[in-house]
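Student: First the structure, which I've put down as structure tokens, then a few questions once you've had a look.
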Amino acid sequence: MALATVCLVVYASLYPFTDWRDQGLSPFMFLNAPLPRYWTSFDSGINLLGYAPLGFLLALAALRSGRTAHAVSIATLVGAVLSLSMETLQSFLPSRVPSNVDFVLNALGAWLGACSASLLEKMGVLQRWNDFRARWFARDARGALVLLALWPAALLFPVSVPLGLGQVFERLELLMADALQDTPFLDWLPVRDIELQPILPGAAMVVVALGGLAPCLIGYGVIRGLAHRVSFMLLLLLTGVFFTALSAAFSYGPDHAWAWLDVPALTGLIAAALLMLLTLWLPSGMASVLALLALAVQLTLLNQAPESPYLSHTLQIWEQGRFIRFNGLAQWLGWLWPFAALGYVLLRVLQTEDREASLEDETVKSADDPRSPSA
């Protein structure tokens, strides 16, 4: 998790990764530069809070490795070195401005995060989390927990259909056409007889329903106990609705936070809730199989339709807004989450089949062995 956070920091610090050049200045000049004349509370807060999760996770990793005495120092040092590296590299990006204030705030944020981890460890909170995880989840729940933690973030990026992540076919087709332009391989691309047709209200309802059901089934595959599944189902529904509304508020303004909740979306949410209730008693293996089916059907329906005509305008708002540093990252997360979930669930189903086959082989061998009790 700490390595993933480092990748996030690097992405946000060096976006858009273009027009690298040597501007003839020392890359460390920003350290002795006067304080910036213009700054905003938003930028200061982002620089402070952006490194806090990194410091928290690095300190937690040090604590788990037995380096209790130096956990805070190690996490703060690593965060400061990373921030110094990013600010230095920004000297070669004309679109970015290195700042000594940013560097100090980043290091301070890493220190605050590290202190938080140390404090929680001393209070026993982290041990209680371990106990909670053991009660609620199977031992091999790591992949599912990562996917479920990323799902709300993936919902933040605007989509054509609520909860409809993974609509990439049209963009992939255009990307391949541009990449193969003026090459003989352009003729190899398949040509559609008719253009993609807008998604019908009934299909949109199914996409919304499956978009809520798929992550729920992934959770059912690793959650122990019926009562725990009920709590998880309610939390997942509230999370999906909240982050979809938050995405609309970011895109269109707070007054339009619920504009997406039309008849197909509302009907799809109700259908998702009913399907979640009906699948509460499924064994984990069957839940994974149904999650695989739900993801496949949703992606098929969603990618047979073009993107919403309002989506291009929405993307321009995002690309020009405060979240420009994370625009591309959120976009990739919204595109790739269902495919990552598809791969995870498929691997889990195959592993379950392998385990069952191994158990059957062991049973047969035991039955054939004259020394076994069954024989």
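The values are calculated or read from the model by the stated rules, or taken from the named source; none is laboratory data. All of these numbers come straight from a predicted model, not from anything done at the bench. Every residue, glycine as well, gets a Cβ built from its backbone with ideal geometry; the counts of neighbours run over all protein chains shown.
Student: Mind listing whichever residues of the range 116-138 are in contact with a helix residue (DSSP H, G or I) (Cβ under 6 Å, 6 or more places away or on another chain) and closer than 16 Å to Leu58 by Cα? Reasoning before the result, please.
Tutor: Here is the first cut: in the range 116-138, the ones in contact with a helix residue (DSSP H, G or I) (Cβ under 6 Å, 6 or more places away or on another chain) are 116-118, 120-121, 126, 136.
Scanning the range 116-138 gives Ser116, Ala117, Ser118, Leu120, Glu121, Leu126.
Student: For the range 219-235, give me the residue count where each residue is assigned to a helix (DSSP H, G or I), touching a residue at least 24 places away in the same chain (Cβ under 8 Å) and among the small types (Gly, Ala, Ser).
Tutor: Qualifying residue count, the range 219-235: 1.
Student: For the range 34-62: of the residues being surrounded by fewer than 13 Cβ atoms within 10 Å (Cβ to Cβ) and part of a loop (DSSP other than H, G, I, E, B), which is modelled with the highest pLDDT?
Tutor: Pro34
Student: Something else now. Taking the condition modelled with pLDDT under 95 and surrounded by fewer than 19 Cβ atoms within 10 Å (Cβ to Cβ), does Gly343 pass?
Tutor: Yes, satisfied.
Student: Please specify each residue of the range 63-90 satisfying the condition of being of a type in the set (Gly, Ala, Ser) and buried (at least 19 other Cβ atoms within 10 Å of the Cβ).
Tutor: Ala71, Ala75, Gly79, Ala80, Ser83 - these are the residues of the range 63-90 that are of a type in the set (Gly, Ala, Ser) and buried (at least 19 other Cβ atoms within 10 Å of the Cβ).
Student: Take the residues in the range 123-145 that are in contact (Cβ under 8 Å) with a residue 60 or more places away in the chain and either hydrophobic (A, V, I, L, M, F, W, C) or touching a His at 6+ places or on another chain (Cβ under 9 Å) (or both), then tell me which one is farthest from Gln351 (Cα to Cα).
Tutor: Quick first cut of the range 123-145, residues in contact (Cβ under 8 Å) with a residue 60 or more places away in the chain only: 126, 135-138, 140-141, 143-145.
With either hydrophobic (A, V, I, L, M, F, W, C) or touching a His at 6+ places or on another chain (Cβ under 9 Å) (or both) added as a condition, the list becomes 126, 135-138, 141, 144-145.
Details: Leu126: 30, Arg135: 23, Trp136: 21, Phe137: 18, Ala138: 14, Ala141: 13, Ala144: 14, Leu145: 18 Å.
Applying the filter and picking the extreme gives Leu126.
Student: Got a sec? Which of Leu269, Leu238 is part of a helix (DSSP H, G or I) and without any contact (Cβ under 8 Å) to a residue 24 or more places away in the chain?
Tutor: Details: Leu269 fails: without any contact (Cβ under 8 Å) to a residue 24 or more places away in the chain.
Testing whether each residue is part of a helix (DSSP H, G or I) and without any contact (Cβ under 8 Å) to a residue 24 or more places away in the chain leaves just Leu238.
Student: Here is a further query. Can you spot a residue in the range 65-82 that is touching a Gly at 6+ places or on another chain (Cβ under 9 Å) and either among the hydroxyl-bearing types (Ser, Thr, Tyr) or modelled with pLDDT under 85 (or both)?
Tutor: Checked the range 65-82: at least one residue is touching a Gly at 6+ places or on another chain (Cβ under 9 Å) and either among the hydroxyl-bearing types (Ser, Thr, Tyr) or modelled with pLDDT under 85 (or both).
Student: Also, quick follow-up: Provide a single number: the residues in the range 273-294 that are closer than 21 Å to Asp140 by Cα and of a type in the set (A, V, I, L, M, F, W, C).
Tutor: Qualifying residue count, the range 273-294: 9.
Student: Could you name every one of the helices (runs of 4 or more DSSP H) located completely within the range 120-218 that has at least 3 residues being in contact with a Gly (Cβ under 8 Å, 6 or more places away or on another chain) and either at pLDDT 85 or above or not assigned by TED's automatic domain parsing to the domain that holds Leu347 (or both)?
Tutor: In the range 120-218, 142-155 are the helices (runs of 4 or more DSSP H) which contain 3 or more residues that are in contact with a Gly (Cβ under 8 Å, 6 or more places away or on another chain) and either at pLDDT 85 or above or not assigned by TED's automatic domain parsing to the domain that holds Leu347 (or both).
Student: For the list (1) over 15 Å from Leu217 (Cβ atoms); (2) at pLDDT below 80; (3) in the same structural domain as Pro158 (by TED's automatic domain parsing), I need the number of the one condition that Asp368 fails.
Tutor: Of (1) over 15 Å from Leu217 (Cβ atoms); (2) at pLDDT below 80; (3) in the same structural domain as Pro158 (by TED's automatic domain parsing), only one is false for Asp368: (3).
Student: Pairs, please: C-beta under 7 Å, at least 6 apart or cross-chain, first residue in a loop (DSSP other than H, G, I, E, B) and in the range 64-92, second not small (Gly, Ala, Ser)?
Tutor: What qualifies is Arg67/Ile74.
Student: On to the next question. Does Leu274 qualify as being surrounded by 17 or more Cβ atoms within 10 Å (Cβ to Cβ), hydrophobic (A, V, I, L, M, F, W, C), part of a helix (DSSP H, G or I) and at pLDDT 95 or above?
Tutor: Here the answer is no, as Leu274 does not meet what is asked.
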